[in-house]
Amino acid sequence: MSRFDLGTCARPNILRVKPYVDARSRYKVAEPMVFLDANENPFGPAIPRHALAEICPCHQPGALGLTRYPDPLQLELRQRLCDFRNDDTGTRKPLTPEHVYLGVGANEVIDVLIRCFAVPGNDRIVMCPPTYAIYSLSAQVNDVTVVEVPLGPAPEFKLDTSAVNTALSVEPNVKMVCLVSPNNPTGTVIAAEDVAQILNHPTWNGVVVLDEAYVDYSSKTTSLAHWVVEYPNLVVIQTLSKAFGLAGVRFGAAFASPSISRLLNTLSVNYNLPGPTSIIANYALTSGLEIMRANRAQMEVQRSRILRELPRIPGIGRLRGGTETNFLLYEVLDWEGRASNETARALCEVMAETQDVVIRFRGTDHGCIGCVRITVGTEDETTRLLGAVTTALAAVRDNEATCE
Ligand SMILES: Cc1ncc(COP(=O)(O)O)c(C=O)c1O
C-alpha cells in the first residue's frame, strides 16, 4: 500500500483555499427562475441573428449557452463521462461525478495538477521522455523542476518501472509522476502492472498522473480510470480532442479520488468550462459515441495504408514506436541510409513549403534520432501525404548527395 497522504502532499496554501460558492448552483437555470445574481447581460449575445442561426440553426434562446455563465458544477456532464467509462457488466465499483474534475482541455488539467501539488521553486515532477512536452512546459511556467527517467529504447519505448521507483525513493520533493499511455510521440502503451507498481510504491508520498488522451484509439489497453476508486494517489487524464474529434471545444477531464477532485475544483477558476463546450461534450458522450467509433474505424484503414505504403518510399526508415494511436513515428534516412535529423528536418520543411503538407519533426526527442511524427488523416489527406513524402524526400536526398 502506498504512503499517499493528500494532507501533506498537496500545497498547504491550496489545502487552505475555501471553495468559491456562487448564488445559483443550487437552482436549475430554467423557467420560472429569474437570475439577477451574476451581472450577465440577458439582452443576448452581440452576434448578428443570421450568424447565430448559422452556428445553431434551431436557435432556441440559450441553446448554445452563450449568454449565461455556465453551470459551475456540471454534474450531468460529469455523470455522462462516468457512464462512458463505467463497466457495462457492473462488476466493479462505479465512477461517480465526485471522481471528476473538468478542465479546458487536458492541457489545463495538467497545469491545474502541477499548481495543486508542486510548490514553485521547491518541488519536482518525474517525466519519462520521449513524451508529451506540455508537462515540462507547464512545470517550467510554475517553476517546478523535472526529473527525467527515460523510457527504454525504440521501438518498444518500455517504461523503466524500477528506475522510476528508485527515483521516487531517492530524489527529494517529487510530488508527481507523469505517465502517458498510449504515449505521444511513441504510440506505445504502458502495461497496467507497471502503473500498479508505481502506485504501490511503499514510501513515496505523491500522485501518479496517467494521461490517457489517446486511449480510445488503442487495441492493447483500455482506460484505467476506474482504478481511481481504489487508488487515492492516481489521477487519470482524459480529453475529447482525439478520438472524439473535438480539439476545438477544449474539453479535458481528470478522474481522481473525491478528495483530489474536490481540491482541483476548488483551485480552478469558477465557470472554467465554457457553456458551448459543455453542450457539445454532452452530445459527444451520448449520441456521439457511435460516430466516434465509426471515425476511429476510418482512421484505422488509413493508418494501415500508411504502414503499408510509407516504408516503400526510398529514404523512409523503420517505424520507431507502436500503432496504438492516430499517429506514427518514422525514421528518415539520409542519402547514405543513416537515420538523420538533418534529413528529417529538411523533409518537414520541404513538405510544408513545396507540398503544403505539414508533419512534425521529433528528432531531438530522447531516443528519436531522425524521426518524424505523422498524424493519420482522411483518405485524401493520406494520398496527399504519400505523394508529398515521395517528392520532397527525393529532392532532399538528391540535394544531400550533390552537396557531398
Ligand atoms: C498526451 C496528450 N495529452 C494531452 C493533450 C492535450 O489535450 P487537450 O487538447 O485536451 O488539451 C495532447 C495533445 O496533443 C496529448 O498528446
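Return the residue satisfying two criteria in turn: it lies in segment 190-214 and is touching a residue at least 40 places away in the same chain (Cβ under 8 Å) and within 14 Å of the chain's Cα centre (by Cα), and of such residues it is farthest from the ligand (Cβ to nearest atom).
Per the criteria, the residue is VAL209.
Based on this model, can you work out whether THR382 counts as of a type in the set (Ser, Thr, Tyr) and crowded, with 19+ Cβ neighbours inside 10 Å?
yes
Please enumerate the residues belonging to segment 346-359 that are under 21 Å from GLY187 (Cβ atoms) and surrounded by 15 or more Cβ atoms within 10 Å (Cβ to Cβ).
Selection gives LEU347, CYS348, MET351, VAL357, ILE359.
Return the pairs, sorted by first residue and then second, in which the second residue is acidic (Asp, Glu), the first residue lies in segment 253-267 and is in the same structural domain as GLU230 (by TED's automatic domain parsing), the beta carbons are less than 6 Å apart, and the residues are 6+ apart or on different chains.
That search, which allows pairs on different chains as well, returns PRO258/GLU98.
Can you confirm whether ILE369 is more than 30 Å from GLU148 (Cβ to Cβ), among the β-branched types (Val, Ile, Thr) and either in a helix (DSSP H, G or I) or at pLDDT 95 or above (or both)?
no
All but one of (1) farther than 14 Å from ARG373 by Cβ; (2) assigned to a helix (DSSP H, G or I); (3) within 26 Å of the chain's Cα centre (by Cα) hold for ALA344; which doesn't?
Only one criterion is unmet by ALA344, namely (1).
Out of PRO12, PRO32, which single residue is loosely packed, with under 11 Cβ neighbours inside 10 Å, over 27 Å from the mean Cα position of the chain (by Cα) and under 28 Å from LEU137 (Cα atoms)?
PRO12 is the lone residue from the list that is loosely packed, with under 11 Cβ neighbours inside 10 Å, over 27 Å from the mean Cα position of the chain (by Cα) and under 28 Å from LEU137 (Cα atoms).
If PRO129 passes every condition in (1) surrounded by fewer than 22 Cβ atoms within 10 Å (Cβ to Cβ); (2) closer than 27 Å to ARG80 by Cα but one, which one does it miss?
(2)
Within the group THR89, THR96, which residue is surrounded by fewer than 15 Cβ atoms within 10 Å (Cβ to Cβ) and modelled with pLDDT of 95 or more?
Criteria check complete, one pass: THR96.
If I filter segment 327-340 for residues that are over 18 Å from the mean Cα position of the chain (by Cα), within 30 Å of LEU75 (Cα to Cα), at pLDDT 95 or above and not β-branched (Val, Ile, Thr), do I get at least one hit?
Checked against the condition, which is being over 18 Å from the mean Cα position of the chain (by Cα), within 30 Å of LEU75 (Cα to Cα), at pLDDT 95 or above and not β-branched (Val, Ile, Thr), segment 327-340 yields no hits at all.
Looking only at segment 252-272, count how many residues are more than 22 Å from VAL207 (Cβ to Cβ) and within 13 Å of the ligand (Cβ to nearest atom).
Of the residues in that region, 0 qualify.
Considering segment 265-288 alone, what residues qualify as being of a type in the set (A, V, I, L, M, F, W, C) and more than 18 Å from CYS56 (Cβ to Cβ)?
Scanning segment 265-288 gives LEU267, VAL269, LEU273, LEU285.
Could you check segment 226-237 and list, in sequence order, the residues that are hydrophobic (A, V, I, L, M, F, W, C), more than 9 Å from the ligand (Cβ to nearest atom) and either closer than 18 Å to ILE110 by Cα or in a loop (DSSP other than H, G, I, E, B) (or both)?
Selection gives VAL228, LEU234, VAL235, VAL236.
Give the number of residues within segment 16-32 that are under 24 Å from LEU75 (Cβ atoms) and modelled with pLDDT of 85 or more.
2
Which one is farthest from the ligand (Cβ to nearest atom), of the residues in segment 215-225 that are touching a residue at least 24 places away in the same chain (Cβ under 8 Å) and surrounded by fewer than 24 Cβ atoms within 10 Å (Cβ to Cβ)?
SER219
Give me the helices (runs of 4 or more DSSP H) completely within segment 88-182, filtered to those with at least 3 residues that are within 16 Å of the ligand (Cβ to nearest atom), ordered by residue number.
Filter on segment 88-182 gives 105-117, 134-141.
Give the residues of segment 232-248 that are surrounded by fewer than 21 Cβ atoms within 10 Å (Cβ to Cβ) and either touching a Cys at 6+ places or on another chain (Cβ under 6 Å) or under 24 Å from LEU263 (Cα atoms) (or both), sorted by residue number.
Hit for segment 232-248 is PRO232, nothing else.
All but one of (1) surrounded by 20 or more Cβ atoms within 10 Å (Cβ to Cβ); (2) closer than 24 Å to GLU76 by Cβ; (3) small (Gly, Ala, Ser); (4) within 12 Å of the ligand (Cβ to nearest atom) hold for GLY187; state the number of the condition that does not hold.
(2)
So ALA51 fits all but one of (1) in a loop (DSSP other than H, G, I, E, B); (2) modelled with pLDDT under 85; (3) of a type outside the set (Ser, Thr, Tyr); (4) loosely packed, with under 13 Cβ neighbours inside 10 Å; what number is the exception?
ALA51 satisfies all of (1) in a loop (DSSP other than H, G, I, E, B); (2) modelled with pLDDT under 85; (3) of a type outside the set (Ser, Thr, Tyr); (4) loosely packed, with under 13 Cβ neighbours inside 10 Å except (1).
Filter segment 348-396 down to residues that are touching a strand residue (DSSP E or B) at 6+ places or on another chain (Cβ under 6 Å) and basic (Lys, Arg) and give me whichever is nearest to PHE327 (Cα to Cα).
ARG373
Give me a count of the residues in segment 299-316 that are surrounded by fewer than 19 Cβ atoms within 10 Å (Cβ to Cβ) and more than 21 Å from the chain's Cα centre (by Cα).
11
The values are calculated or read from the model by the stated rules, or taken from the named source; none is laboratory data. Everything numeric in this text was worked out from a predicted model, so none of it was measured. Neighbour counts run over all protein chains shown; Cβ positions are idealised from the backbone, glycine included.
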